[in-house]
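> Handing you a structure now.
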Amino acid sequence: MNFKAYFYWIVAVLEIISLTFEIDILHQICKPLLMIALLIYFWDKSDNRKDEKWVSFVTLALAFSWIGDIMLLFAFKHFMFFFAGISAFLGAHIVYIIAYKKATFKDKLNFKWSFFPFIVLAYLALMAYLILPYIDSVIQVPISLYAVVLALMIVIAWFRKNQTTDESFQLVVLGAALFTISDSVLAINRFSHTIPYAGVAVMTTYIIAQWLIVNGLLKHKKTTPNKTI
């Protein structure tokens, strides 16, 4: 890892420490720094790949994530900050979906029969069961829309299989799965059931998820690797 990677992980560790020991000032400093640190790392690693369309979309996704992080910092003051944060992350997920498609060999996904979308659908149904009965009908629609887009993000990551390098596929799918878990813990803790150390769980999975997605996309190659016969 280079210095920029270390910087991201130093900020990440400090953020987890701030949540574990409830050091509010450290949390207010570190959380907004996370996506800035990851952007710096990503720009450095993708400097010679600016001609690849997915690079711009990843930058935009991280920018949306940064806005979301800042908005959620103030969620305790008013629900609208929470809604603004979720809206920003909705934008991040949509842009990531586009980035996943662009980061394939021929700008094409591999839509073949798979049980994976049904697993995601079952998970979506479980989350709906755990969360929707506890929230006002007014916000059930936007929350459901967010959940559908989040599910679509991980499904699209899955259908990059055989359309990118194996390492890129694996890292992005794992990152998308962790992002889904992070958002699920956040939603359950806020709307239905209190989860001990929810903040630590949310941020730990989020930090690792963003790192895996970014590095997974960086592992993508423009052309199909040569296969030996």
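> Evaluate the charge dipole of the chain about its Cα centre and quote only its size in Debye, nearest 20, assuming +1 on the Cβ of each Lys and Arg and -1 on the Cβ of each Asp and Glu.
Here the size comes out at about 980 debye.
> Right, next: Kindly report, to the nearest 10 Å², the accessible surface of residue 112 as traced by a 1.4 Å probe over protein heavy atoms only.
Around 130 Å² of this residue is reachable by solvent.
> Would you look at the GNM of the chain, springs on alpha carbons closer than 10 Å, and say which of 60, 26, 34 moves the most?
Of the options given, 26 has the highest mean-square fluctuation.
> Put +1 on the Cβ of every Lys and Arg and -1 on every Asp and Glu Cβ in the chain; which of 40, 181, 199 then has its Cα farthest towards the positive end of the dipole?
Of 40, 181, 199, it is 40.
> Distance cut-off 26 Å, Cα to Cα: go down the list 45/106; 31/161; 45/101; 4/53; 108/219 and report the pairs above it.
The pairs that break the limit, which is 26 Å between Cα atoms, are 31/161.
> Here's a follow-up. With every protein chain kept in the model, how would you rank 160, 49, 190 by accessible area, 1.4 Å probe, largest at the top?
Greatest to least solvent exposure: 190, 49, 160.
> Any idea of residue 119's accessible area? Nearest 10 Å², probe 1.4 Å.
Spelled out: residue 119, probe radius 1.4 Å, area about 100 Å².
> Springs between alpha-carbon atoms under 10 Å, Gaussian network over the chain: tell me which of 163, 28, 210 tops the mean-square fluctuations.
28
> Hey, how much of the P(r) for region 1-89 falls beyond 22 Å, as a percent of Cα pairs?
When all Cα pairs of region 1-89 are counted, 35 percent exceed 22 Å.
> Would you mind telling me which residue in 131, 25, 70 has the biggest mean-square fluctuation in a Gaussian network model of the chain, where springs connect alpha carbons within a distance under 10 angstrom?
Of the options given, 25 has the highest mean-square fluctuation.
> Same structure again: To the nearest 500 deg cm²/dmol, what mean residue ellipticity at 222 nm is calculated for the chain from DSSP H runs of n ≥ 4 alone, each contributing -39,500 (n - 2.57), summed and divided by the residues?
-26000 deg cm²/dmol
> Rounded to the nearest 10 Å², what accessible area does residue 27 have for a 1.4 Å probe in the complete protein model?
Solvent-accessible area, nearest 10 Å²: 30 Å².
> Now for a separate question. Between (i) 138; (ii) 147; (iii) 127, which matches volume of the Cα convex hull per residue in Å³ calculated for the structure shown?
(iii)
> Turning to a different aspect of this structure: Just tell me, in residue order, which DSSP H segments of the chain are both 27 angstrom or longer along the helix axis (alpha-carbon based) and at least 0.0 in mean Kyte-Doolittle hydropathy.
24-45, 53-73, 79-102, 137-158, 166-191, 198-218
> Going by accessible area, probe 1.4 Å, with all protein chains left in place, what is the ranking of 167, 52, 22, 15, largest first?
In descending accessible area the options line up as 22, 167, 52, 15.
The values are calculated or read from the model by the stated rules, or taken from the named source; none is laboratory data. Worth saying up front: this structure is predicted, and the values here are computed from it rather than measured. No Cβ is skipped: glycine too gets one built from the backbone with ideal geometry, and neighbour counts run over all protein chains shown. The protein model used for the area step is the full one, side chains on, heavy atoms only, and it has no ligands, DNA or RNA in it. Shrake-Rupley method; radii C 1.70, N 1.55, O 1.52, S 1.80 Å.
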